[in-house]
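Quick notes on the structure that follows.
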Amino acid sequence: MIEAAIRKGLDGMIITDHDSVKGGLVGEEVAKGYRDFKVIPGAEVTSRAGHVLAIGVDQNVQKGLSVEETVELIHDLGGIAVASHPFSSRVRPSVGSECLKADAVEVFNATNRGLANSRAMSLAKIHGLPRTAGSDAHWARTVGTAGIICGDPVESIPRGKVELFGGYVGTWDMRAFMFRQLTSTLLNRPLWK
């Protein structure tokens, strides 16, 4: 993933595996071997209402709690909470309007489609919440499809000091991703990396 990000011209990435900081911590260590590339660890925490990104944490955050409890635990660990794909039709449940309880809202997710992202953008704008974007890359091919440009994300995101970039993951890549997810679920293990 790191090499894919470097090939795409990125200077860093936030790694947020589902309910675990392990991938981010490994990525942070591996990134030390690459000049001028930084990895910020985190996790995509499964709250009762949906996913909340815990950015800048190095410990796991308990899953299955309310959004408020999840955000509080993330803050206690020194991180920031970003509501991930709040109106996604492919991820259930999605936090929806509970995204207003987070520090920021992901308003552009490269694996969502237009309406879901538009709803997130509209709600964030109406309530003056900081906005982010992400590739939601589960494999190297889609790394860097969307993201943010800023200094330190943990400091910049809550202040709204980020620039969003990106586009949507292509139809064929999404089909391949969905096939991989289904097969992985059926086999109860990752299919390939």
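Values in this text are rule-based calculations from the coordinates and carry no lab data. These numbers come from a predicted model, not from an experiment.
Structural remarks
- Cα-based Rg / Dmax (Å) for the chain: 15.5, 43
- Among I126, I14, I80, the residue with the largest mean-square fluctuation in a Gaussian network model of the chain, with springs joining Cα atoms closer than 10 Å, is I126.
- Amide H to amide H, with H built 1.01 Å from N, V61 comes under 5 Å of no residue 5 or more places away or on another chain.
- When both bridge partners sit in the chain, DSSP labels roughly 50% of those beta bridges antiparallel.
- Shown for the chain: lysine pairs separated by 8 or more places, or found on different chains, whose C-alpha atoms are under 23 Å apart, numbering 15.
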